[in-house]
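Take a look at the structure below.
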Amino acid sequence: MAAEERRVPWVIKYRPKRIADVVNQDDAKSKFVSWLKSWPNVRKRAALLYGPPGCGKTSLVEAAANELGYDVLEMNASDFRRASDIERIAMRAARASTLFGRKRGRIILLDEVDGISGREDAGGLEALLRLIRVAENPVVMTANDPWNPNLRPLRDVSELIEFKRLSKRDVIKVLKRICTAEKIECENDALNFIAERAEGDLRGAINDLEALAEGFGRVTLEHARALLRPRDREHNPFETLRNIFMAKYGWQAKMALSQSQLDYEQAKLWIHENLPHQYSDPEDLWRAYEALSKADVYLGRIVRSGDWDLLAYAIDLMTAGVAMAAQNNPRDKYRWTKYNFPQKLLLMARTRKARAIRDDLASIVASHLHISTAVAKNEVIPLLKTIFTANPKYAARLVLGLSLSEKMVEYLAGPNKSLVMRYVEELKRLKEEQAKVSRAAAATAAEGAKEVGAAAASGAKVREGVDRSAKKRRQRRGGDLLSYLSKK
Ligand SMILES: Nc1ncnc2c1ncn2[C@@H]1O[C@H](COP(=O)(O)OP(=O)(O)OP(=O)(O)O)[C@@H](O)[C@H]1O
Ligand SMILES: [Mg+2]
C-alpha cells in the first residue's frame, strides 16, 4: 500500500479535507461558507473566488463540499468554450444528484475562468451567464485576476471572495505538517528556503518538498540549494539574446523566447540590432536575416489579418531560424558579444515628445484643410517648417490663424522660434490697437447717428459691422496659405 500511496502527488494527498485544514484565508472561508449555506437566498447567485495561484481557492471549495455534504461537479476553462457543452452541463446540474439513495446538494465548480477570452468565447460566456441564472445549484468560479475585462459580466452576477497571498509562515506550517505525517527529517533552514522561493504559492512549495524528499530521503538546506533551480524567472533581453544565439537545437531557441521578458515584437528588434555583432560570416548573416525578415512578414500579416495561427511560424523563424543560421562559422554562436539596445527603440523614446507635438499639429492642420492627418504630416508639415524658417513674419500670422502653441512653434521654427514669437507678439499688439481704433470709430459713428436722430440701436449694428470686417481681414491674412494649400 505504501508504494501505491507514494504515487499520489503530495499536493493531492494533503489537500485540505475540512474547512479548518485550509490555512489562513479566514475572511474568505466565512464569506464563502455563509454564502453557500444561504443559497439560493443570496444576493448573487454565483461566487467568484479570486487570488494568486496555489493559495487555496479550489481547496476551499472541495473541503467545504466534503464537510457540508455536497457533490462537486467540476469543469475547467477549456470545457466551457462551447455553448453546447455548457447547455449539457446545465442540464445535468439542474437535476439533483443522488448518492446511495440520499439526496445531496451539488456545487458546480468552474475552475480558472480567466481562461475565457472575450470575443471568441462570447457564446460560451453567454451560456455561462444563462447557466448561473437557471442552475438549481450554486455556481462557484475561481480566477487569478478578477479584474480581467473579459470577466466583467461574470463579476456583475457574482459574490466576490478574495483570497490573500499566503505568508511564508503559512507555507512553512503546511510543509512541517507534511514532513511530520511522512516522517521525514527536515531542516528548518531548508523549509525556509523552499517557502521563500515559493512566494506564497503553496502548491509549488509542496511539489518542491516532495521532489527533495523523494530524491534524498530527507530535506536539507544543502540539497534544497543544489536541487531547486531558481523559479522560472523571466530573462532579461541580454540573457534572452545569448540563449537564442547559443541554442544548439531549435526548441532551445524557442524556449529562450518563451522565458523572456521580451515580447516577440521587441525580440525582433533586439535580434535585428545585434545579429551583425554575433555572426561574422556573410552567408550565415544572410541566412539569419532571411529568417528574421520572413518572421517580420508573418508578424505584419498577423496585424493586418488577425490570423494568430501565423505567430507560431514567426516565432520559429526568428528564434530557431536565426539560431540555426550559423553554419559556416558555428563558433560565432558562442562568441561573447556585447549586445546593444535597439536603436529604433532608443530613437522612439527620445523622440516621443516631438512626435506627440507633431501629431497634435497634424490634427490641427488636417481639420483646417480637410485632409487626413497622414497627408498633413507628410506633405504640409514639411512645408510649414520651410515657411517657419524662411519667413518668420508670415509664420507669425499662421501661428495666430491656427492658434498654434509655443511648443508647436518651436517644433516648426527650431532656432527661429524666438523671432517668430516676437512677430506674433507684435501682431497681437497691432490687432489690439486696431480693435481700439475700430471701437472708437464705432463710438463716433454712434454719436453721429444719434445726432442725425437715427435709432440708437443702429450704433450696435455699426460696431458689429466694423468688427465683422476686421474679422474677415484677419481670416484672409491667416487663411491665404490655407486656401493656397487646399487648392493644391
Ligand atoms: N490555504 C491552504 N491551506 C492548505 N493547503 C493549501 C492552501 N492553499 C493551497 N494549498 C495546497 O496547495 C494545493 C493547491 O491549492 P489550490 O488548488 O487550492 O490552489 P488555487 O488557489 O486553486 O490555485 P490556482 O489559482 O492555481 O488554481 C492544494 O492541493 C493544497 O494541498
Ligand atoms: Mg485552483
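The values are calculated or read from the model by the stated rules, or taken from the named source; none is laboratory data. The shown structure was predicted, so the numbers you read here are calculated from the model rather than taken from an experiment. Cβ: placed from backbone, ideal geometry, glycine included. Neighbour counts: every protein chain shown. The protein model used for the area step is the full one, side chains on, heavy atoms only, and it has no ligands, DNA or RNA in it. Shrake-Rupley method; radii C 1.70, N 1.55, O 1.52, S 1.80 Å.
The shape of segment 159-200 comes out oblate: with a ≥ b ≥ c from the C-alpha gyration tensor, a/c is at least 1.5 while a/b does not beat b/c. Taken per residue, the accessible surface of segment 319-431 reaches 59 Å², heavy atoms only and a 1.4 Å probe.
Per residue, segment 199-288 exposes 53 Å² of accessible surface when a 1.4 Å probe is rolled over the protein heavy atoms with every protein chain present. Computed over the alpha-carbon pairs of segment 168-227, the distance histogram in 5 Å steps reads 4, 23, 38, 27, 9, 0 percent, short to long. Within the assembled protein chains, the solvent-accessible surface assigned to K431 is about 60 Å², based on a 1.4 Å probe.
The alpha-carbon of K44 sits under 25 angstrom from the alpha-carbons of these lysines, leaving out residues fewer than 8 places away in its chain: K29, K31, K57, K103, K164.
Just how large is the dipole of segment 237-347 about the Cα centre, in debye to the nearest 20, putting +1 at every Lys and Arg Cβ and -1 at every Asp and Glu Cβ?
The dipole of segment 237-347 has a size of about 240 debye.
When segment 168-227 is described by a simple charge dipole with +1 on each Lys and Arg Cβ and -1 on each Asp and Glu Cβ, the residue from A213, C186, A226 located farthest towards its positive end is C186. Each of S367, P392, T351 was placed along the dipole of segment 342-399 (beta-carbon charges, centred on the mean Cα), and the one lying farthest toward the positive end is T351.
Could you look at segment 130-269 and say what percent of its accessible area is carbon and sulfur, using a 1.4 Å probe and all protein chains? Taking all protein chains in place, segment 130-269 shows 48 percent carbon and sulfur surface.
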